[in-house]
Amino acid sequence: MPANLARRALLFSAGSACLVPWSAVAAADKLNISGARGSIDFAIGDSRVFRTTGGFKDWQGFLRVDEQDVPKSTVQVVVHTKSIQMLDTQQTAMMKDADFFDVEKFPEMTYQSTAVERTGETTLKVTGNVTLRGIARPMLLAVSVTDRKPDAPAGARYARFRAEGSIKRSEFGMTKFIDVVGDTVDLTIRAEAWR
């Protein structure tokens, strides 16, 4: 290819890239998330009579964001189940025992994405598997992204994420009080992703 054509092609490609949303970050950019700058909260029960809330304080993970090819992006999170915290100490102790999270036998709960799909300019659909009490089940997360800073340097915040999903606790062997409380567990994850 003649040098002048090569230069034109390069300039055209660079200009086109500037028009692609979310394209300012290098492909497969790794972003860190954790309980230090985020939260994992949940509400148990689909009953109008009883619904209780809690959260996990100790967790870490990362997002590998491929801005050029979003479906290649991945999410991985490890939650330390002993860090569960309910509304009071009695509920917290109950959630840690063998009928529920069984934290001595299963100290970690994990989430690993299997597919990521962009659903809007600032929204994503993330499909993945939750492994809890040694049982893996699928969970879909609806994710929104705010305060993006594509040019953020290493050690700075890149964006804020909010993800919502739900699971059935009976699918993980947690059936105690299910007739009273209900089966559905709604999760809300808020995280600041840092380079």
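The values are calculated or read from the model by the stated rules, or taken from the named source; none is laboratory data. Everything numeric in this text was worked out from a predicted model, so none of it was measured. Ideal geometry is used to build each Cβ from the backbone, glycine not excepted, and the neighbour counts take in all protein chains shown. Ligands, DNA and RNA are stripped out before the accessible areas are found, and what is left, the full protein with its side chains, is counted by its heavy atoms. Shrake-Rupley method; radii C 1.70, N 1.55, O 1.52, S 1.80 Å.
Taking the Cβ of D99 as the center, what net charge do the other residues with Cβ under 13 Å away carry, scoring Lys and Arg +1 and Asp and Glu -1? Result for the neighbourhood of D99: +2. Where does the charge balance sit around I135 when Lys and Arg score +1, Asp and Glu -1, over other residues with C-beta under 12 Å from its C-beta? Net local charge, I135 excluded: +2. Label zone (Q85, point 7 Å along Cα-to-C-beta; backbone nitrogen cut-off 18 Å) within segment 154-195: 188-192. Counting Lys and Arg as +1 and Asp and Glu as -1, what is the net charge of the other residues whose Cβ lies under 13 Å from the Cβ of D66? It works out to a net charge of 0.
When nucleic acids and ligands are ignored and a 1.4 Å probe is applied, M86 ends up with an accessible area of around 20 Å². Taking 32 Å as the limit for the C-alpha separation, the pairs K57/K168; K105/K149; K105/K168; K57/K149; K82/K149; K72/K176 exceed it in the case of K105/K149; K82/K149; K72/K176. Given in Å, the Rg to one decimal and the Dmax to the nearest whole number for the Cα atoms of segment 24-117 are 16.4, 49.
The residues of segment 41-195 expose on average 52 square angstrom of accessible surface per residue, using a 1.4 Å probe on protein heavy atoms.
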